[in-house]
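Following this message is one structure expressed as structure tokens.
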Amino acid sequence: MPGVLVVDDEADMRLLVEAVIERANEGLSVVGLATTGAEAIAQWRDISPDVILLDQQMPDMTGLETAELILAERPDQRIILFSAFLDAEIHTRASELGILACLPKTELSRIPEALWRFGTD
């Protein structure tokens, strides 16, 4: 059962994403919630989630910066970037870092499918 760490600085978005994942009831499980990049890294080290659903725009560091630090320690960590701000430059950088997918926040309903597709072996 894939365990997901959800990282977003907006409380209502974290709750909404968690609800979408839980409601899909496809064996997915939210194992942690984080509000900043630093908090995401700390929780990631503590809980070792299967996949991280990571917002790009956060107050302390971007999702790309957070992913870069995590992937430097564990290159095989599965990360999906989830943001309202996805342009060609972000897509390119995400791909270079090894982020598996970029999902726009307008496509909440695609989260469970993406987690299954990219969050499991």
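Read-outs throughout are calculated quantities, based only on the coordinates presented, and are distinct from any laboratory measurement. For clarity, every value in this text was computed on a predicted model and none was experimentally measured. Reconstructed Cβ throughout: ideal geometry from the backbone, glycine too, with neighbour counts over all protein chains shown.
Scale the Cα Rg of the chain by the rule-of-thumb value 2.2 N^0.38 Å and send over the ratio, two decimals.
Values: Rg = 12.6 Å, N = 121, 2.2 N^0.38 = 13.6 Å.
Ratio of Rg to 2.2 N^0.38 Å for the chain: 0.93.
By how many nm would the segment from Ala88 to Asp46 grow when fully extended, if each residue of separation counts as 0.36 nm and the alpha-carbon distance is taken off? Walk me through the numbers before you get to the answer.
Values: separation 42, 0.36 × 42 = 15.12 nm, distance 3.28 nm.
Result: 11.8 nm gained on full extension.
Each residue of the range 58-64 in order: what ³J(HN,Hα) in whole Hz does its phi give by Karplus 6.51 cos²θ - 1.76 cosθ + 1.60, θ = phi - 60°, with x for Gly and Pro?
Working through the residues one at a time gives 9, x, 9, 7, 6, x, 5 Hz.
At 0.36 nm per residue, minus the direct Cα-Cα distance, what do Asp60 and Ala19 gain on full extension? Give it in nm, one decimal, please.
On the way: separation 41, 0.36 × 41 = 14.76 nm, distance 2.54 nm.
In short, 12.2 nm is gained.
Run the dipole for the chain about the Cα centre, Lys and Arg Cβ at +1, Asp and Glu Cβ at -1, nothing else charged, and hand back the magnitude in debye, nearest 20.
Working: 9 positive and 22 negative charges, 56 e Å.
Value, rounded to 20: 260 debye.
May I ask for the net charge around Ile80, where only other residues with Cβ less than 14 Å from the Cβ of Ile80 are counted and Lys, Arg are +1 while Asp, Glu are -1?
-1
Collect residues whose amide H, placed 1.01 Å from N in the peptide plane, falls under 5 Å from the amide H of Leu103; neighbours closer than 5 in sequence don't count.
Sorted by chain and number, the residues that satisfy this are Leu81, Phe82, Ser83.
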